[in-house]
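What follows is a short report on a single structure.
The values are calculated or read from the model by the stated rules, or taken from the named source; none is laboratory data. This is a predicted model, so every value here is computed, not measured. Neighbour counts are summed over all protein chains in view; Cβ atoms, including those assigned to glycine, are modelled from backbone coordinates with ideal geometry. For the accessible areas, the whole protein counts, side chains as well, though only heavy atoms, and no ligand, DNA or RNA atoms are used. Shrake-Rupley method; radii C 1.70, N 1.55, O 1.52, S 1.80 Å.
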Amino acid sequence: MKILVFDDDENIRKLLKTALESKGHEVTALSDPTEFKFFDRLNCPCPVDEPCADVLIADIVMPKVEGIDFCKKLKSSGCWPLARGNVAIISGYLTIHYMNELNDLGIHYMRKPFEMKEMYEWIEECQARVDRPSEQIQGNESNR
């Protein structure tokens, strides 16, 4: 699968890139969503007819665009991964307010520090959703 990671922490980016590539995924890891080539014309964040990613993973606290605001932009754009429940927020700053917002958006979340086992399990769930035809997708599965 193609995975986009947005986190301003270089160690987290490197960890996720290395770990997920070791499982055969193609990973693009950027420090901020504004670095992404399609950000200015955010439609998915890419053309819907050619999804740039199967999965998006973002931190909440980033210098230019907060992860929650990025996810709201994704939701209003008809984001392909979000429509399949394949967007996760990873953060050490998960307040009840953030968790409620993420639940309302249908976004999975993991508290930092997270176990890679949890990430791998969630990525497997994403792969299963990608492999299903879109008409079988009934909605986002619940968050943990």
*Measuring from label point to label point, each 7 Å out along Cα→Cβ, what is the residue 73 to residue 104 span in nm?*
2.0 nm
*asked:* Place a point 7 Å from Cα of residue 9 in the direction of its Cβ. Which residues in the range 83-107 have their backbone N less than 15 Å from it?
replied: 89-95
*Those lysines that a straight Cα-Cα span of less than 18 Å connects to residue 117, excepting residues fewer than 8 apart in one chain*: 14, 17, 23
*Taking 7 Å along the Cα-to-C-beta vector as the label spot, tell me the residue 35-residue 65 distance in nanometres, rounded to one decimal.*
1.3 nm
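Sort 122, 80 by accessible area with a 1.4 Å probe, largest first.
Working: 122 5, 80 50 Å².
From most exposed to least exposed: 80, 122.
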*With every protein chain left in place, what is the accessible area of residue 72 in Å² (1.4 Å probe, nearest 10)?*
90 Å²
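Can you send over the carbon and sulfur percentage of the accessible area for the range 59-121, probe radius 1.4 Å, protein chains only? Working shown, then result.
On the way: 1560 of 2920 Å².
Answer for the range 59-121 is 53 percent, counting heavy atoms of protein chains only.
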*Amide H partners (placed H, <5 Å) of residue 52, local residues excluded*: 46
